[in-house]
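S.K.: Dropping the structure in here first, questions after.
The values are calculated or read from the model by the stated rules, or taken from the named source; none is laboratory data. Worth saying up front: this structure is predicted, and the values here are computed from it rather than measured. Please note: Cβ atoms are built from the backbone with ideal geometry, for glycine as well, and neighbour counts cover all protein chains shown. Each accessible area value is taken on the protein alone, full model and side chains, heavy atoms only, with ligands, DNA and RNA left out. Shrake-Rupley method; radii C 1.70, N 1.55, O 1.52, S 1.80 Å.
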Amino acid sequence: MSFPALRMRRLRASESLRDLVRETQLDPADFILPLFVCPGQGVRREIKSMPGNCQLSVDSLVKECEEAFKLGIGGVILFGIPDKKDEIASGAYADDGIVQQALRALKREVPKLLVMTDVCNCEYTSHGHCGLVVDGEVQNDPTLEWLSKTSVSHARAGADIIAPSDMMDGRVAAIRKALDAAGFTNTPFLSYAAKFASVFYGPFREAAESTPQFGDRRSYQMDPANAREAMREIELDLEEGADMIMVKPAMPYLDIIRQARDRFPVPLGAYQVSGEFSMLMAAIQNGWLDRDRAMVESLTAIRRAGADFILTYFAKDMARMLA
């Protein structure tokens with residue numbers, strides 16, 4: 001059958017028809033809201049490169065999370081900003097670390113909210129790299145001990161999901177072993193399995209105060225040119241015990257999301273990172289893009305590519321729109 005008998009526009013003629021046949025749907029439960037927690041009381045410090053986002057003290061974070069829960073958002077992921085940094089990232093795995101404090105407060109005040117924690121070291125090291133540095137090189141195997149201690153500390157404080165983002169080799173197996181040995185066999189694991197060395201992390205580094213003091217992270221984060229390598233990384237993480245996988249960034253890597261969705265039958269997340277958010281917000285604030293349509297289209301593209309859930313700074317705005 002062909003034109004004029006077949007007319008594809010028939011099902012586009014009205015809003016109700018378009019709603020009826022829409023293939024990809026968005027729901028607030030699909031979104032995870034990234035939040036930055038810092039020391040202090042009553043702190044709500046604007047992140048200039050990320051309009052509408054703030055560094056939050058624990059009390060302010062609780063209020064933000066109460067709102068997120070009421071909006072039906074799928075959960076939050078916490079990034080910590082310690083009061084001091086050192087060469088061994090001690091603030092990451094300290095029992096009284098900033099994320100650990102936040103977890104205890106959230107589990108007391110918003111107990112039903114799903115809380116993920118980012119497990120990395122870059123916010124906590126004085127040099128801004130994700131692991132132990134010796135003679136200017138990030139050491140892989142010694143860093144696994146830091147990551148394992150941090151993961152157990154987060155689980156003990158109440159984290160629902162552990163999400164390491166460091167891209168050290170063998171980290172999934174090391175962390176899974178440590179969690180199981182500490183009695184957290186039921187704590188699920190979301191691996192930043194395909195995390196690329198991307199320019200789109202720029203605003204995040206302001207937010208998390210984690211800019212490297214020398215060099216870059218290309219010796220451990222992935223080359224943006226490599227798709228087959230991303231599949232190998234994901235496969236290895238699943239073999240080591242990851243329950244869920246993530247691709248980061250999202251929109252510049254929709255092909256990676258699609259390949260991962262087709263190949264691996266596990267929950268798949270994608271992170272619409274700070275640079276993606278800030279680019280859209282800059283265009284929106286300049287009147288070059290319609291705000292609501294830009295949010296919906298960008299997030300729909302990520303879901304359409306195959307992501308089951310999306311970490312996005314638009315989470316609250318999208319939840320309000322979908323209400």
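S.K.: Before we move on, is ALA163 of a type in the set (Gly, Ala, Ser), within 18 Å of LEU35 (Cα to Cα), open to solvent by less than 10 Å² (accessible area, probe 1.4 Å) and touching a Phe, Trp or Tyr at 6+ places or on another chain (Cβ under 9 Å)?
M.R.: Details: of a type in the set (Gly, Ala, Ser): yes; within 18 Å of LEU35 (Cα to Cα): yes; open to solvent by less than 10 Å² (accessible area, probe 1.4 Å): yes; touching a Phe, Trp or Tyr at 6+ places or on another chain (Cβ under 9 Å): yes.
Criteria met by ALA163.
S.K.: Failed condition for THR211, given (1) in contact with a Lys or Arg (Cβ under 8 Å, 6 or more places away or on another chain); (2) assigned to a helix (DSSP H, G or I); (3) β-branched (Val, Ile, Thr), with all others met?
M.R.: Looking at each condition in turn, THR211 falls short on (2).
S.K.: Looking at the stretch 227-251, which of the residues that are open to solvent by 60 Å² or more (accessible area, probe 1.4 Å) and within 19 Å of the chain's Cα centre (by Cα) is nearest to LYS316 (Cα to Cα)? Walk me through how you get there before you give the answer.
M.R.: Taking the stretch 227-251 and keeping what is open to solvent by 60 Å² or more (accessible area, probe 1.4 Å), we get 228-229, 232, 235-236, 239, 243, 251.
From what is left, the residues that are within 19 Å of the chain's Cα centre (by Cα) are 243, 251.
Details: ASP243: 26, MET251: 19 Å.
Within the stretch 227-251, the match that is nearest to LYS316 (Cα to Cα) is MET251.
S.K.: Select from the stretch 169-207 the residues that are assigned to a helix (DSSP H, G or I) and over 30 Å from ARG261 (Cα atoms) and write down the one among them that is least open to solvent (accessible area, probe 1.4 Å).
M.R.: Step one: list which residues in the stretch 169-207 are assigned to a helix (DSSP H, G or I), which gives 171-181, 199-207.
Subset that is over 30 Å from ARG261 (Cα atoms): 181, 206-207.
Details: ALA181: 91, GLU206: 81, ALA207: 0 Å².
Checking each candidate, the answer is ALA207.
S.K.: For the stretch 29-44, enumerate the residues that are more than 9 Å from GLY75 (Cα to Cα) and either over 15 Å from the mean Cα position of the chain (by Cα) or small (Gly, Ala, Ser) (or both).
M.R.: Scanning the stretch 29-44 gives CYS38, PRO39, GLY40, GLN41, GLY42, VAL43, ARG44.
S.K.: Let me ask another. Within the bounds of the stretch 72-94, is there any residue that is in contact with a Pro (Cβ under 8 Å, 6 or more places away or on another chain), modelled with pLDDT of 95 or more and over 21 Å from ALA155 (Cα atoms)?
M.R.: yes
S.K.: Output the helices (runs of 4 or more DSSP H) that fall wholly within the stretch 47-110 and possess 3 or more residues being surrounded by fewer than 22 Cβ atoms within 10 Å (Cβ to Cβ), or say none.
M.R.: Working: elements: 58-70, 90-93, 98-109.
Hits in the stretch 47-110: 58-70, 98-109.
S.K.: Name every residue in the stretch 208-226 that is surrounded by 14 or more Cβ atoms within 10 Å (Cβ to Cβ) and under 23 Å from PRO34 (Cβ atoms), in order of residue number. Even if it seems obvious, please write down each step before you answer.
M.R.: Step one: list which residues in the stretch 208-226 are surrounded by 14 or more Cβ atoms within 10 Å (Cβ to Cβ), which gives 208-210, 212, 215, 217, 220-222, 224, 226.
Of everything in the stretch 208-226, those that are surrounded by 14 or more Cβ atoms within 10 Å (Cβ to Cβ) and under 23 Å from PRO34 (Cβ atoms) turn out to be ALA208, GLU209, SER210, PRO212, ARG217, TYR220, GLN221, MET222, PRO224.
S.K.: Collect the residues in the stretch 17-44 that are open to solvent by 80 Å² or more (accessible area, probe 1.4 Å) and either touching a Phe, Trp or Tyr at 6+ places or on another chain (Cβ under 9 Å) or polar (S, T, N, Q) (or both), keeping them in residue-number order.
M.R.: At the first step, the residues of the stretch 17-44 found to be open to solvent by 80 Å² or more (accessible area, probe 1.4 Å) are 18, 20, 22-23, 25, 41, 44.
Passing the criteria: GLN25, GLN41.
S.K.: Suppose we keep only residues that are in contact (Cβ under 8 Å) with a residue 60 or more places away in the chain and surrounded by 15 or more Cβ atoms within 10 Å (Cβ to Cβ) within the stretch 280-303. Which one would you say is farthest from ILE245 (Cα to Cα)? Outline the logic, then answer.
M.R.: Going through the stretch 280-303, the residues in contact (Cβ under 8 Å) with a residue 60 or more places away in the chain turn out to be 281, 285, 296, 299-300, 303.
Filter again for surrounded by 15 or more Cβ atoms within 10 Å (Cβ to Cβ), leaving 281, 296, 299-300, 303.
Details: MET281: 27, VAL296: 23, LEU299: 18, THR300: 19, ARG303: 15 Å.
The residue in question is MET281.
S.K.: Taking the condition modelled with pLDDT of 95 or more, touching a Ser or Thr at 6+ places or on another chain (Cβ under 8 Å) and closer than 26 Å to PRO188 by Cα, does TYR253 pass? Give the derivation first.
M.R.: Numbers: modelled with pLDDT of 95 or more: yes; touching a Ser or Thr at 6+ places or on another chain (Cβ under 8 Å): no; closer than 26 Å to PRO188 by Cα: yes.
No, not satisfied.
S.K.: Taking THR24 and the conditions (1) in contact (Cβ under 8 Å) with a residue 60 or more places away in the chain; (2) in a helix (DSSP H, G or I), which numbered condition does it fall short on, given that it satisfies the others?
M.R.: If we test THR24 against (1) in contact (Cβ under 8 Å) with a residue 60 or more places away in the chain; (2) in a helix (DSSP H, G or I), just (2) comes out false.
S.K.: Consider the stretch 31-46. How many of its residues are in a loop (DSSP other than H, G, I, E, B) and either modelled with pLDDT under 95 or under 19 Å from GLU276 (Cα atoms) (or both)? Spell out how you get there, then give the answer.
M.R.: Taking the stretch 31-46 first, the residues in a loop (DSSP other than H, G, I, E, B) are 38-43.
Still in the running and either modelled with pLDDT under 95 or under 19 Å from GLU276 (Cα atoms) (or both): none.
Result for the stretch 31-46: 0.
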